[in-house]
Amino acid sequence: MNLARLDLNLVVALRALLEERNVTRAGQRVGLSQPAMSAALARLRRHFDDDLLARVGGHYELTALGQVLRDRTSTAYDVLERLFASQADFDPTLESREFRLVASDYAVAVFGTELARVIHDEAPGVRLRFTQTPVGAVDDTANLLSATEGMFMPHGVISDFPATDLYDDRWVFLVSDDHPSVGDRLTRQDLARLPWVAYRRTYDAPAVRQLGMLGIEPRVEVSVDSFQLLPLLVAGTRRIALIQARLARLLAPLAAVRVMEPPYEAVTLREALWWHPVHTHDAAHIWLRETAARVGRRLGDATTAPAGRSTVGG
């Protein structure tokens, strides 16, 4: 295949055709007439030597190859869009730009709010859109990064992509302030016998893997897709939860729970901004990374005090 001979406009047409499964609607979506889109479909069929869209009754269905190409075309389109949107220069005081970032509610609460404040002051035309980390983020990292400006994720979960380190955090436990059987300290036996509230994504895989290495298998009673709900699901129960120390401090007014140190040397959580290589030399993205790193250094200067018997709420 000779890329120099390909018409990249066909990528736009292919994506519309595969997603709409209708020549007329696909043409309307990209601003082409029905004859022009039909001509594009004919060229695509010759290129792939496949119908791509097969008529079934009164509508079209994707062929087997069409189904394969649908996701690949979406990824290719996103990469091309970001490639050709790259800038040689970027003035944050003058430019208008939206950055789409994937993050858990923890990362938004602890870091995203600070980043948004700085950008509000320094770049009035820049907008941030935070999207919740999807369940399949680890298995589909390339596609996810190609469709966004980056993802907040700690080291130890993904690899093989460029990243900017932001800040360190540590893991602590939440226990109800009136827990009937937990004293001044948690023990490993407590972790094994007590029911858990758990954040059920692979996001916290390093911390969970460490528990497994210690022979501790959490007995999960409640699972939730939000770190910020953990204190509410622990308060007034016998449950415990593993949570980041910075977030535990932020959630102090929410629930009557104690923040306690792990009964082992917990692995450090190092948060980073990961991005697709297509962004590496883009001036706007360089500014975003440098701004994020600066905010991260500021957070790093703020210490997370030892947990001990400190309380959240109450």
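The values are calculated or read from the model by the stated rules, or taken from the named source; none is laboratory data. Owing to the predicted nature of the structure, the values given are computational and were not obtained by experimental measurement. Using ideal geometry, Cβ is built from the backbone for each residue, glycine included, and neighbour counts are taken over all protein chains shown. Each accessible area value is taken on the protein alone, full model and side chains, heavy atoms only, with ligands, DNA and RNA left out. Shrake-Rupley method; radii C 1.70, N 1.55, O 1.52, S 1.80 Å.
Considering only residues in region 212-234 that are touching a Leu at 6+ places or on another chain (Cβ under 8 Å) and more than 20 Å from Ser104 (Cβ to Cβ), the one that is most open to solvent (accessible area, probe 1.4 Å) turns out to be Glu217. Scanning region 268-285 for residues that are surrounded by 18 or more Cβ atoms within 10 Å (Cβ to Cβ) and touching a Phe, Trp or Tyr at 6+ places or on another chain (Cβ under 9 Å) turns up Leu269, Glu271, Ala272, Leu273, Trp274, Trp275, His276, Asp282, Ala284, His285. Each residue in region 6-17 was checked for being open to solvent by less than 40 Å² (accessible area, probe 1.4 Å) and out of contact with any strand residue (DSSP E or B) (no Cβ under 8 Å at 6 or more places or on another chain), and 5 of them qualify. Just one residue in the set Arg185, Arg209 is in a helix (DSSP H, G or I), over 20 Å from Leu251 (Cβ atoms), of a type in the set (D, E, K, R) and open to solvent by 30 Å² or more (accessible area, probe 1.4 Å); that residue is Arg209. For region 157-169, the set of residues classified as modelled with pLDDT of 95 or more and either closer than 19 Å to Ala109 by Cβ or among the acidic types (Asp, Glu) (or both) consists of Asp165, Leu166, Tyr167, Asp168, Asp169, listed by residue number. When you check Val172 against the structure, is it open to solvent by less than 10 Å² (accessible area, probe 1.4 Å) and within 13 Å of Leu269 (Cβ to Cβ), yes or no? Criteria met by Val172. Here Asp121 passes the criteria (1) part of a helix (DSSP H, G or I); (2) surrounded by 13 or more Cβ atoms within 10 Å (Cβ to Cβ) except the one numbered (2).
Arg127 passes every criterion in (1) free of Cβ contacts under 8 Å to residues at least 60 places away in the same chain; (2) assigned to a loop (DSSP other than H, G, I, E, B) apart from (2).
In region 18-41, the residue that is surrounded by the fewest Cβ atoms within 10 Å (Cβ to Cβ) out of those that are over 29 Å from Leu144 (Cβ atoms) and among the small types (Gly, Ala, Ser) is Ser33.
Within region 259-276, can you find the residues that are more than 22 Å from Ala107 (Cα to Cα) and in contact (Cβ under 8 Å) with a residue 60 or more places away in the chain? Scanning region 259-276 gives Pro263, Tyr264. Residues in region 42-50: is at least one buried (at least 18 other Cβ atoms within 10 Å of the Cβ) and modelled with pLDDT of 90 or more? Yes, because at least one residue in region 42-50 is buried (at least 18 other Cβ atoms within 10 Å of the Cβ) and modelled with pLDDT of 90 or more.
Of everything in region 63-90 that is open to solvent by 60 Å² or more (accessible area, probe 1.4 Å) and among the charged types (D, E, K, R), the residue that is nearest to His276 (Cα to Cα) is Glu81. Scan region 1-52 for residues that are within 12 Å of Gly66 (Cα to Cα) and touching a residue at least 40 places away in the same chain (Cβ under 8 Å) and jot them down. Of everything in region 1-52, those that are within 12 Å of Gly66 (Cα to Cα) and touching a residue at least 40 places away in the same chain (Cβ under 8 Å) turn out to be Leu14, Arg15, Leu18, Glu19, Arg21. Answer yes or no as to whether Ala255 is surrounded by 20 or more Cβ atoms within 10 Å (Cβ to Cβ), in contact (Cβ under 8 Å) with a residue 24 or more places away in the chain and small (Gly, Ala, Ser). The answer is yes for Ala255.
Scanning for something closer than 26 Å to Arg289 by Cβ, among the β-branched types (Val, Ile, Thr) and assigned to a loop (DSSP other than H, G, I, E, B), does region 141-154 turn up at least one residue?
Taking region 141-154 and keeping what is closer than 26 Å to Arg289 by Cβ, we get 141-154.
Going one step further and asking which of them are among the β-branched types (Val, Ile, Thr), we end up with 141, 148.
Retained after the next criterion (residues that are assigned to a loop (DSSP other than H, G, I, E, B)): 148.
So far as region 141-154 goes, yes, one or more of its residues are closer than 26 Å to Arg289 by Cβ, among the β-branched types (Val, Ile, Thr) and assigned to a loop (DSSP other than H, G, I, E, B).
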